[in-house]
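Worksheet for the structure shown next.
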Amino acid sequence: MNDKMTKPLYIIAGVYDGMLGIAFLLFPLAIFAMYEVEPPNHEAYVQFPALLLIIFAVMFFQVASDPVKNRGLILYGLALKVSYCSMVFWYQATSVIPEMWVPWAWADLVFIVLFIITYKNLGRSAQQI
């Protein structure tokens, strides 16, 4: 992945997480109903992680603004994506998880790969400066 694709990647990551965060913040019950999944007993159990997604979206936009300078932030985004994927795929393999969560885990798996590539490439770029 070349440097010209790094900024757009993190803008896409920011829009992706931001839109998911806003959707789950404002319409959690509608989303659960759409997937025919029983919602948790209180909306706050979904809205707090939704706010965290919005915070991470802002962080991804920060990475996009200056990828070399903000390279360290990529590790936090990577941790977010690994955490989500590990939970979804673990429960999918060992018990049951509503299917609504699985497509987002596959999307995050793609982000994991791309984040690792850009993190390494940005490290090489920083050494050349």
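Quick note: the coordinates plus some simple rules give every number you see, no bench work behind them. As the structure is a prediction and not an experimental result, all values here were calculated from the model. Note that each Cβ is placed from the backbone with ideal geometry, even for glycine, and that neighbours are counted across all protein chains shown.
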Exercise for the section: Any residue in region 15-31 that's more than 25 Å from V63 (Cβ to Cβ): show its pairings with residues that are of a type in the set (A, V, I, L, M) at Cβ separation under 6 Å, as long as the two are six or more apart or on different chains. Expected result: P28/V46
Exercise for the section: Considering (1) of a type in the set (D, E); (2) exposed (fewer than 14 other Cβ atoms within 10 Å of the Cβ); (3) outside any loop (DSSP other than H, G, I, E, B), say which one D108 fails and leave the rest. Expected result: (2)
Practice task
Say whether the condition of being of a type in the set (V, I, T) and either over 17 Å from A23 (Cα atoms) or in contact with a strand residue (DSSP E or B) (Cβ under 8 Å, 6 or more places away or on another chain) (or both) is met by at least one residue in region 39-51.
Solution key: no
Practice task
Please indicate, with yes or no, whether at least one residue in region 94-111 is out of contact with any helix residue (DSSP H, G or I) (no Cβ under 9 Å at 6 or more places or on another chain), over 13 Å from Y10 (Cα atoms) and among the hydroxyl-bearing types (S, T, Y).
Solution key: yes
Exercise for the section: Would you point out which residue out of A33, A50, A79, A64 is in a helix (DSSP H, G or I) and over 19 Å from the mean Cα position of the chain (by Cα)? Expected result: A33
Handout entry: All positions within region 56-86 that are in contact (Cβ under 8 Å) with a residue 24 or more places away in the chain, of a type outside the set (F, W, Y) and more than 23 Å from K4 (Cα to Cα)
Key = L80, V82, C85
Handout entry: Identity of the residue in region 62-72, of a type outside the set (V, I, T) and surrounded by 17 or more Cβ atoms within 10 Å (Cβ to Cβ), that ends up nearest to G18 (Cα to Cα)
Key = A64
Practice task
For A64, work out the one condition from (1) over 17 Å from P8 (Cβ atoms); (2) among the small types (G, A, S); (3) in contact with a helix residue (DSSP H, G or I) (Cβ under 8 Å, 6 or more places away or on another chain) it doesn't fulfil.
Solution key: (1)
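Considering region 88-108 alone, what residues qualify as being under 15 Å from L20 (Cβ atoms) and either touching a residue at least 12 places away in the same chain (Cβ under 8 Å) or out of contact with any Cys (no Cβ under 9 Å at 6 or more places or on another chain) (or both)?
As a first pass, look at region 88-108 and keep what is under 15 Å from L20 (Cβ atoms): 88, 100-108.
Matches in region 88-108: V88, M100, W101, V102, P103, W104, A105, A107, D108.
Among the residues of region 82-102, is any hydroxyl-bearing (S, T, Y), in a loop (DSSP other than H, G, I, E, B) and loosely packed, with under 12 Cβ neighbours inside 10 Å?
From region 82-102, those hydroxyl-bearing (S, T, Y) are 83-84, 86, 91, 94-95; that's our starting set.
Remaining after also requiring in a loop (DSSP other than H, G, I, E, B): 95.
Retained after the next criterion (residues that are loosely packed, with under 12 Cβ neighbours inside 10 Å): 95.
Checked against the condition, which is being hydroxyl-bearing (S, T, Y), in a loop (DSSP other than H, G, I, E, B) and loosely packed, with under 12 Cβ neighbours inside 10 Å, region 82-102 yields at least one hit.
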Practice task
Test L53 against the stated conditions and say whether it is within 15 Å of D108 (Cα to Cα), out of contact with any Pro (no Cβ under 7 Å at 6 or more places or on another chain) and of a type in the set (A, V, I, L, M).
Solution key: yes
